[in-house]
Amino acid sequence: MQTPHIPVLLDEVLDSFSSVNGGYFVDCTLGYAGHSSEMLKKYDNIKHIGIDRDDEALNFSKKRLEPFEKRSRLYKGTFATVLPTLKETPITALLADFGVSSLQLDKKERGFSFTSETLDMRMDTTASLSAYEVVNHYSQEQLEYIFDIYGEVRPYRKLAAAVVEARAKKPIESAKALSQLAKVIIPSGGKIHPATLMFQAIRIEVNNELGEIEGLLDALEAKHYKNEVVSLITFHSLEDRLVKNRFKKWSNACICDPQAMRCTCGKGHDIGKALSKKPITASTEELKSNPRSRSAKLRSFKFKHSTREV
Ligand SMILES: C[S@@+](CC[C@H](N)C(=O)[O-])C[C@H]1O[C@@H](n2cnc3c(N)ncnc32)[C@H](O)[C@@H]1O
């Protein structure tokens, strides 16, 4: 089946689950089932749960996963809301490949690309907040905040002021118009389009992307299974920081204040350990064949066998 999305770090993801034996594998970001279909092929004793908030992705994957129909169930929704409601047990493996799919980026009508005639950027096209609302109705201060915090755009104040000035004349109706505006304010930096970080910031806001990652990590902290392996792929530093810090917290045996003179917590508070110290990144070969893998970082964590099973 022709797929609109090449899965990143595929071999590395499959390897991260090599200790898994039976149970449910949850793919929190099913997309076009690139990772899921290979997981189902390789590990024939696992059952599968696929979650996505995008109907187009779910419809495609439903077809792609037909050969595994008896072992697979799909859910529509955001992973932070669906995961805590799952009744299937035990979950032994969980994957999230954050961010947008190639199809979402490339399909003009979805409004993610610099040349789109629409201004949308919703992963779930039934959600109420779109990029149009953010760009045309957020206050200047709100725009400054998202450009600064979610995009780390240097001239974030100038950019927010330019958006507010432009929309006072007429609403900004397309991603194309918005990217042209960014070109005037942001100096072009080599290969990347000047509007890249601004678009990233708006996309994160529209889809509550960082809130979703926090929600997923909170859900795992509150409820996980013994020996469960969690593999998370991030694409920029804001995402990676959330994952790295949480894995660090989960691996810490001591929960005393770092300033404390001596340990009084009795240690033993670690709930598992990271499978590698450093994140895994794409090989030279993969970088050549799939440019999207350039910024991908895979971190895996294995919960302890003695972990509380809720
Ligand atoms: C990078 S793609 C995943 C591609 C997939 N691994 C594959 O091999 O085809 C990310 C997918 O996750 C979905 N997604 C992103 N954030 C989500 C969230 N918070 N809840 C549910 N789905 C989400 C997007 O709609 C998109 O389809």
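The values are calculated or read from the model by the stated rules, or taken from the named source; none is laboratory data. Since we're looking at a predicted model, the values are computed, not measured. Virtual Cβ from ideal backbone geometry, glycine too; neighbours counted across all protein chains shown. With ligands, DNA and RNA removed, areas are computed over all heavy atoms of the protein, side chains included. Shrake-Rupley method; radii C 1.70, N 1.55, O 1.52, S 1.80 Å.
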Original post:
Modelled label-to-label distance, Arg73 and Asn208, 7 Å Cα→beta-carbon offset: nm?
Top reply: 2.4 nm
Original post:
Tell me, what is the per residue accessible area of region 242-310 in Å², probe radius 1.4 Å?
Top reply: 71 Å²
**OP:** Among the lysines, select those whose C-alpha is under 23 Å from the C-alpha of Lys170, and discard any that sit fewer than 8 residues away in the same chain.
**Re:** Lys108, Lys158, Lys183
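Report, to the nearest whole %, how much of the accessible area of region 35-103 belongs to carbon and sulfur atoms, 1.4 Å probe, protein only.
52 percent
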Subject >> Separation in nanometres of the label points that stand 7 Å from Cα toward Cβ, at Lys107 and Asn45 >> reply: 3.8 nm
Original post:
Among Glu12, Glu286, Glu214, what's the order by accessible area (1.4 angstrom probe), most exposed first?
Top reply: Glu214, Glu12, Glu286
Original post:
How do Met123, Met261 rank by accessible surface area computed with a 1.4 Å probe, from largest to smallest?
Top reply: Met261, Met123
**OP:** For an R0 of 30 angstrom, estimate the FRET efficiency from the Cβ-Cβ distance between Tyr145 and Arg294 and round to the nearest 0.05.
**Re:** 0.60
Original post:
Which percent, nearest 5, of DSSP beta bridges in the chain are antiparallel?
Top reply: 35 percent
Original post:
Net charge near Arg73, counting Lys/Arg +1 and Asp/Glu -1 over other residues with Cβ under 14 Å of its Cβ?
Top reply: +1
Original post:
Angle, helix 175-185 long axis vs. longest principal axis of the chain, Cα atoms, 0 to 90°, nearest 10?
Top reply: 70 degrees
Subject >> MRE, 222 nm, helices only [DSSP H, n ≥ 4, -39500 (n - 2.57), over the chain, to nearest 500] >> reply: -11000 deg cm²/dmol
**OP:** State which entries of Lys244/Lys277; Lys62/Lys288; Lys42/Lys288; Lys62/Lys226; Lys76/Lys176; Lys42/Lys76 exceed 19 angstrom in Cα-Cα distance in the structure shown.
**Re:** Lys62/Lys288; Lys42/Lys288; Lys62/Lys226; Lys76/Lys176; Lys42/Lys76
Subject >> Relative contact order of the chain, pairs being alpha-carbon contacts under 8 Å that are 6 or more residues apart, as % >> reply: 18 percent
Subject >> Asp270-Glu173 pseudo-label distance in nm [points 7 Å out on the Cα-to-Cβ vector] >> reply: 5.9 nm
**OP:** Post the alpha-carbon centroid distance, region 139-207 to region 218-296, in whole angstrom.
**Re:** 31 Å
Subject >> Over region 53-99, equivalent-ellipsoid semi-axes from the Cα gyration tensor in Å >> reply: 18, 16, 10
**OP:** Would you list, by chain and number, the aspartates and glutamates whose Cα falls below 16 Å from the Cα of Lys41, excluding same-chain residues fewer than 8 positions away?
**Re:** Asp11, Glu12, Asp15, Asp27, Glu66, Glu69
**OP:** With a probe of 1.4 Å, find how much accessible area region 87-136 has per residue, and write the answer as a whole number in Å².
**Re:** 39 Å²
Subject >> Distance between region 3-58 and region 69-107 - C-alpha centres, whole angstrom >> reply: 9 Å
**OP:** Could you tell me what percent of the accessible area of region 168-283 is made up of carbon and sulfur, with a 1.4 Å probe and every protein chain present?
**Re:** 54 percent
Original post:
Using alpha carbons only, how many degrees (0 to 90, rounded to 10) separate the axis of helix 156-169 from the longest principal axis of the chain?
Top reply: 50 degrees
Original post:
Normalized C-alpha radius of gyration of region 184-238, against 2.2 N^0.38 Å?
Top reply: 1.62
